[in-house]
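The values are calculated or read from the model by the stated rules, or taken from the named source; none is laboratory data. Please read these numbers as outputs of a predicted model, since none were measured by experiment. Please note: Cβ atoms are built from the backbone with ideal geometry, for glycine as well, and neighbour counts cover all protein chains shown. Areas reflect the complete protein model, heavy atoms only, side chains present, ligands, DNA and RNA absent. Shrake-Rupley method; radii C 1.70, N 1.55, O 1.52, S 1.80 Å.
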Amino acid sequence: MNKYLNVENEEGVRIDKYLAEELPDMSRSHIQKLIKDGHVIVNQKPVKANYRLSLYDQVEISIPELKEPEIRPENIALDILYEDKDIIIVNKPKQMVVHPAPGHYSGTLVNALMYHCGSELSGINGIMRPGIVHRIDMDTTGSLLVCKNDMAHQNLAGQLKEHSIKRIYEAIVHGNIREDDGTVNAPIGRHPTDRKKMSIHAKQGRHAVTHYKVLKRFGSYTHIQCELETGRTHQIRVHMASIGHPLLGDQIYGPAKCPIKGLQGQTLHARTLGIIHPRTGEYLEVNAPLPLYFVNLIQTLSKQ
């Protein structure tokens, strides 16, 4: 697959940085490898990663087709909250990746679902993400919806697009939130300099709204409930950090060193998931119980 770009106002910018901005789905290291392998030419000549653009340069990127690895079913236990012939809702544990990706081709939720469901998974998102309508981060726990057929997938993807699916999370954040509730309304997009992060300061952020409510205060920390009006990547993590209350354990958007020994990743749990069932048209709501680490953490903070 080839892409063609014309330089209009990025004069003097390094070619690898320019392409990282223009191709947000690619990492900068992947782009640099494409350049090194001769897949990026400027004005019909190959360039190096440190090439600086001139006005009206014509850039051509040749992206080799990737061979998707074979994804195998694995006998991994699932905590099933609800299941019928159309959908399955699971309680995802911490440290489990939702779908295969570079570095994670086994041990994922998809591997477990393929073993449990066999061929009964929607094929809309391809072999890497069968049945997956939405995802949550590796260190986020809780309710995750999976579709067993394309009818259910298309219906629920539409509900996601319309923001009509009810999604309530619980989290513990740094600091003492003084107000009992509030709303963060700030667009989210790819971070302008760190492509692995999201940011409310992105040039082309997408509309994002998070409603939060205080459940309990612990002095230095606050237990909150967050309801998503939209569903952007890292939305709760980015929004809470933007108002000075990053999630406890979040070393990407919060303090680099976690103050709680042994805590892995952000303290975030997808508690409630509510949908209109794609076949019956009736409202269905499930609640994933808080994981043990979260319960123990609340007890520990309550004693401080």
- Query: On full extension of the chain, what length is gained from residue 280 through residue 201, given 0.36 nm per residue of separation minus the C-alpha to C-alpha distance?
  - Reply: 24.3 nm
- Query: With a ≥ b ≥ c the root eigenvalues of the C-alpha gyration tensor of segment 232-304, is it rounded (a/c under 1.5), prolate (a/b larger than b/c) or oblate?
  - Reply: oblate
- Note on the structure: Given 53-60, 110-117, the highest-first ranking by average Cβ count within 10 Å works out to 110-117, 53-60
- Positive-end extreme of charge dipole, the chain - chosen from 7, 176, 41 (charges on Cβ): 176
- Message: Placing unit charges on C-beta atoms (Lys and Arg positive, Asp and Glu negative, everything else neutral), compute the dipole magnitude of the chain about its Cα centre in debye, rounded to 20.
- Response: 920 debye
- Note on the structure: By the C-alpha gyration tensor axes a ≥ b ≥ c (rounded if a/c is under 1.5, else prolate when a/b exceeds b/c, else oblate), the shape of the chain is oblate
- Item | Cα shape, segment 27-106, gyration tensor, a/c 1.5 rule | prolate
- Item | ³J(HN,Hα) computed for each position of segment 47-53 - Karplus, 6.51 cos²θ - 1.76 cosθ + 1.60, integer Hz, glycine/proline x | 10, 9, 4, 8, 4, 9, 5
- Task: Could you size up the charge dipole of segment 1-79 around its Cα centre, putting +1 on the beta carbon of Lys and Arg and -1 on that of Asp and Glu, and report it in debye to the nearest 20?
- Result: 480 debye
- Task: May I ask which of 33/196; 166/303; 48/94; 33/94; 148/197 have a Cα-Cα span longer than 29 Å here?
- Result: 166/303; 48/94; 33/94; 148/197
- Query: For the chain, which whole percent of the accessible surface, found with a 1.4 angstrom probe, sits on carbon and sulfur atoms?
  - Reply: 48 percent
